[in-house]
Structure formats: C-alpha cells, structure tokens
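Take a look at the structure below.
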Ligand SMILES: *Cc1c(COP(=O)(O)O)cnc(C)c1O
C-alpha cells in the first residue's frame, strides 16, 4: 500500500511567503478611506499596523522572506504533515485519491499561528507593547495570545459575547497564554457603548468586536491592531501551507486536480490554494480550486462584490470584496470562524475572475462528513474545517460516479477539541440548518456605503 503520511524535514521548510498579487491578471482594487472615499496610502494605516506589515499589505513582490526568528517559532510545529486519507477513500469506495494537510498540530490547534507569530514579530520589531484584536469563537484570540506570550507583548482580546459564554475553555486558553479577554460589545469603547445603547442584550458579532479593537488601538500610543484573516498580508503568511503541500505531493508523486479549503475570511483557503493558483496562472495547470463556506454566511456565493467596511460600525477602510453587508449578524452556527460578513479581497477577486469556484453547505451535512472523517482517519476536525471535508467527500463521490481517478487535496485547518458541544448537538439530532434568507440579500445591498 502507498504511504499514509508525508513529512518534510525542517531544512526543506519554505523560507519565503508567496504574494499572489505579483501574478494576478488584474490589479487589486484600491483600499479607500472610510471618510473621504479616496484611495489610502501607507501613512493612513500607520496608527493601526506596524510599517513592515503595511508594506507587505501593498507589496507586489512575488516572494517575501520569512524572518529567521519567525522560522524558529514555526519549527515548534512546522512543517505540518500531509496525509493520504486511505481509510476514508476505502469507506467511500472511491477511485479518487484524497490528501489533506493538517494544520491542527500548532499549539493553538489551527492554522492561525502562522500569521499571529509573524504579526507579533513585526510589531515587536517596531517597539509596540500591546496588541488589540477581536475573536469570534476564540481561535484567533488564542493564536494571538500564544504569539504575544512568546514575544512578551500584551494581548487585549475583544471576544464576541455569545462565544465568551458558550466557549469558556477558549477564554481559558487565551488567559493561560496571558491574554486579557473582554466580552464584546463592552462598555470600554465608544463603539461597544453605542451598540449596547441600542440593544443592551446584543450577543455581539465579529464586526462589532473589530470596531472595538480598532478603536482601542487607534486611541492608544502603545497599541496596534491585528486581524486574523481577510487582509493581504495575513493571506500571504498562510501560503507556507500550500508551499509545503506542493513539496509533499511531489514526495507522493501526485498533483491535485482539485484543491479545497473552507473560507470564513479566506486565510486558510488562501494558504492552501494560492501556491496552486500560481501554478494554474503561470504554468497552465488545470486545477479546480474550491472555497467552501457555510450556507448561513455565504459571502462568496450569495454576497455582492462591492466596497464595504470590514467592521460593523464603519471605522475601517473600505475594501472591495464579496459582502453580505457590514451590519450582517449571522445565525448562530457552530463554525464560529466562518461567521464573517465579508471575504478577503484577494479571494473575492479570484472568484470574480472565474479562477476559483465556491460552494456553500448547511451545518448538518458538514458534521456528518466530520464524523465520517473522525471514524476513518481518526482526527476530530474543527467545525470550520468540516466544510472542506464535506466538499472533498462530495468530489470523491462524484469521481466514483464518473469512474474517474481524481486527486483531491484539502486543508484540515484545525482540530475540534474545543468544539465537542457542537458534536454533542449534532449527535443528539439538535443541530439546526440555517439558510441565508433572500430578503437579507436586499437588506445588505441597501446598507452598503456609497462610493
Ligand atoms: C478561523 C478559522 C477558520 C476560518 O478563517 P479563515 O481566515 O477563513 O481561514 C477556519 N478554520 C479554523 C480551524 C479556524 O480557526
């Protein structure tokens, strides 16, 4: 039988991130100032981000070297393994080959430390002492708290209130790493107070928590802001996933016909996919590349491609992306990391250009896939990652139907050890399927900023 696990040696770990901007068929749309509607420059972002990250955000260099200090920390868990899912293939009786890259081996249990470590490093280089951020289900907050603890910075985390109470162990994890966690909306910021004035029982949303963290960072000299997805530099830091996978597939003497990632803000999808998009754009590889989102927050498949704010209150710059409207508050699905109103501008652009595909699933079929995966391959996936597994299984079943030898690669973005309440709900038959109601499409359109 073929090998199951493909490990790279540390010396073969990629030493640069890939910037897809260098290879895009059309340049990305400019980022606009929220007040004036005019394109912004690096100086406009300086209150929020260290200059090194701003320059990465606007860079069109194809490769950016990974600093030695960042590589040293990556080596705690990287290179991550690539697996061939033999047992799942057998269970599906498919002629397809299924490979998955596993990012759950990081200390925080997901891909997010790939960018958290890089971001905290550049902040520290520029003398920043404290970083403010938001977190939905807690994965990003824990990744940032982890990275801040290693570099000796303070982490201030605004956590969506509903998750703060539903996922107490994620909060514990952030606190173990020394992070300070505040339920959002809070009374600590103008943004939080204004939301609470309108709705004292607001469960919060990622957009509201972003408003609070941005305001915190903008109003303090010692503090910068950090975002765990969506922005160009964040997507770029994740490309080490796909660069490793390319080398590992070569060890397996394979190349994917289909590459799949789940997509909330788009960072782990970009991480696995962008190096394969490069091969598609520059070497003519015919790979299909699929972003998978939840039917309850379907920004790519049902959203509008337009300028919108990244947060709820309207403090962030305007970016052109697929959006459900910045005031969108999604239904309470368990894949908390996929409940964002927008999609990364670079992922949105690729979708608009027809270079990538997208599809959406409700949560019950995703959990069914996750459980089948756990019972064959052994790993209990994060609810977010289960969307990628659903799509991979469906692709493998379609290959079987067509009698086709398809090679499928997906990213297993994290483990689900903190999400067992969601598995309980699924196994108990208590999980609701939410579809995005059509009237909300119109409401979202009406609320878009005019530029
Ligand atoms: C945060 C998270 C996601 C979604 O975020 P992206 O930026 O779209 O990758 C997916 N999977 C896991 C495990 C996460 O923690």
The one condition in (1) within 16 Å of the ligand (Cβ to nearest atom); (2) assigned to a loop (DSSP other than H, G, I, E, B); (3) buried (at least 24 other Cβ atoms within 10 Å of the Cβ) that residue 333 fails to fulfil: (3)
Scan of the stretch 70-81 for residues that are loosely packed, with under 15 Cβ neighbours inside 10 Å and touching a residue at least 24 places away in the same chain (Cβ under 8 Å), ordered by number: 75, 76
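Name the single residue, out of those in the stretch 367-380 being surrounded by 24 or more Cβ atoms within 10 Å (Cβ to Cβ) and touching a residue at least 60 places away in the same chain (Cβ under 8 Å), that is farthest from residue 426 (Cα to Cα).
Of the stretch 367-380, the ones surrounded by 24 or more Cβ atoms within 10 Å (Cβ to Cβ) are 367, 370, 373.
Pick out the ones that are also touching a residue at least 60 places away in the same chain (Cβ under 8 Å) and you get 367, 373.
On the way: 367: 7, 373: 15 Å.
Checking each candidate, the answer is 373.
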The one condition in (1) away from the ligand (no atom under 15 Å from the Cβ); (2) in a loop (DSSP other than H, G, I, E, B); (3) in contact with a helix residue (DSSP H, G or I) (Cβ under 7 Å, 6 or more places away or on another chain) that residue 314 fails to fulfil: (3)
Complete set of residues in the stretch 350-376 that are touching a helix residue (DSSP H, G or I) at 6+ places or on another chain (Cβ under 6 Å) and within 16 Å of the ligand (Cβ to nearest atom): 351, 356, 358, 360, 361, 366, 367, 369, 370, 373
Long-range neighbours under 7 Å by Cβ, at least six apart or interchain, first residue at positive phi within the stretch 247-270, second within 14 Å of the ligand (Cβ to nearest atom) and part of a helix (DSSP H, G or I): 266/235; 266/347
Options 433, 419; residue that is away from the ligand (no atom under 16 Å from the Cβ) and either buried (at least 24 other Cβ atoms within 10 Å of the Cβ) or modelled with pLDDT under 95 (or both): 433
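Residues are listed down the side, and each one gets a yes or a no for (1) assigned to a loop (DSSP other than H, G, I, E, B); (2) touching a strand residue (DSSP E or B) at 6+ places or on another chain (Cβ under 6 Å):
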{"residue": "383", "(1), (2)": "yes, no"}
{"residue": "391", "(1), (2)": "no, yes"}
{"residue": "399", "(1), (2)": "no, no"}
{"residue": "404", "(1), (2)": "yes, no"}
{"residue": "408", "(1), (2)": "no, yes"}
{"residue": "418", "(1), (2)": "yes, no"}
{"residue": "422", "(1), (2)": "no, no"}
Residue in the stretch 165-177 that is buried (at least 24 other Cβ atoms within 10 Å of the Cβ) and within 30 Å of residue 29 (Cα to Cα) present: no
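Do any strands (runs of 3 or more DSSP E) lying entirely in the stretch 135-251 carry at least 2 residues that are over 30 Å from residue 20 (Cα atoms), within 14 Å of the ligand (Cβ to nearest atom) and touching a helix residue (DSSP H, G or I) at 6+ places or on another chain (Cβ under 9 Å), and which ones are they? Show your work before the answer.
Details: elements: 154-160, 180-184, 223-225.
Answer list for the stretch 135-251: 154-160.
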Residues satisfying the stated conditions in the stretch 35-48, i.e. crowded, with 16+ Cβ neighbours inside 10 Å and touching a strand residue (DSSP E or B) at 6+ places or on another chain (Cβ under 9 Å): 40, 48
Given (1) within 16 Å of the ligand (Cβ to nearest atom); (2) at pLDDT 95 or above; (3) surrounded by fewer than 24 Cβ atoms within 10 Å (Cβ to Cβ), number of the condition residue 129 does not satisfy: (1)
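Table: residues versus (1) at pLDDT below 95; (2) in contact with a strand residue (DSSP E or B) (Cβ under 7 Å, 6 or more places away or on another chain); (3) in the same structural domain as residue 225 (by TED's automatic domain parsing).
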residue: 142; (1), (2), (3): no, no, yes
residue: 145; (1), (2), (3): no, yes, yes
residue: 149; (1), (2), (3): no, no, yes
residue: 153; (1), (2), (3): no, yes, yes
residue: 165; (1), (2), (3): yes, no, yes
residue: 174; (1), (2), (3): no, yes, yes
residue: 182; (1), (2), (3): no, yes, yes
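The values are calculated or read from the model by the stated rules, or taken from the named source; none is laboratory data. Given the structure is predicted, the values throughout are model-derived calculations rather than measurements. Please note: Cβ atoms are built from the backbone with ideal geometry, for glycine as well, and neighbour counts cover all protein chains shown.
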